[in-house]
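Please read the structure below before turning to the comments.
The values are calculated or read from the model by the stated rules, or taken from the named source; none is laboratory data. Since this is a predicted model, take the numbers as computed values, not measurements. Cβ placement follows ideal geometry from the backbone for every residue including glycine, while neighbour counts extend to all protein chains displayed. For the accessible areas, the whole protein counts, side chains as well, though only heavy atoms, and no ligand, DNA or RNA atoms are used. Shrake-Rupley method; radii C 1.70, N 1.55, O 1.52, S 1.80 Å.
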Amino acid sequence: MDNINYIDIIVTNVKGIVMRSSTVNVYDLIDGAYCVTIEDGGTLNEKLKEELQSKEAVKIDFNKTQIFASPFFRSSFGSIIKEIGLADFNKKIQIKNLSKSGQKLLEQIKLNITQVENSPIHQKRLNDILHEELAEI
């Protein structure tokens, strides 16, 4: 395992149960301070999914990151929130050292994802778009 991007930690939760967690350093993982692209978000998403298979919790450290865009957060966290739900996401994923502007954007993305997931109207629109795109292939 790459020691720059991964730190294995054993922590005790509030109930006294030992949990295995890891820390992912975003700056090192995406090789820079700009968290803006879908590709970099995908890199983080793959790492998170890998870590969640063997760990109960993952800390994501945004130390030294500066610029954020919604495509990065959507591709990083969107599919995970959809798979495990927002409540479990918030339990299993701890965000560290994210700037206030980054926190605000991430919260908006999480809200948007949960609204779409819980709205039959939004689901129908997404399904219609998907069917149109598939018909073009």
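What the table shows:
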item: Net dipole in debye of the chain [+1 Lys, Arg Cβ; -1 Asp, Glu Cβ; about Cα centre; nearest 20]; result: 740
item: Anchor Lys100: aspartates and glutamates whose Cα lies under 18 Å away (excluding residues fewer than 8 positions away in-chain); result: Asp61
item: Read-out percent of Cα pairs over 22 Å apart, derived from the coordinates shown; its label in [x] 71; [y] 42; [z] 51; result: [y]
item: Mean Cβ neighbour count within 10 Å, used as a protection proxy, ranking 64-76, 84-96 highest first; result: 64-76, 84-96
item: Helix 100-117 vs. the chain, principal-axis angle (Cα, 0 to 90°, nearest 10); result: 50
item: Residues of type lysines that Lys96 reaches as a straight line, Cα spacing below 20 Å, ignoring anything fewer than 8 places off in the same chain; result: Lys47, Lys49, Lys55, Lys59, Lys64, Lys104, Lys110
item: Accessible surface of the chain [probe 1.4 Å, protein heavy atoms]: carbon and sulfur percent; result: 52
item: 0 to 90° range, to nearest 10: angle between helix 120-136 axis and the chain longest Cα axis; result: 70
item: Fully extended contour minus Cα-Cα distance, from Asp31 to Ala135, at 0.36 nm per residue; result: 33.7 nm
item: With Cα atoms, 0 to 90° folded angle of helix 38-54 axis to the chain main axis; result: 60
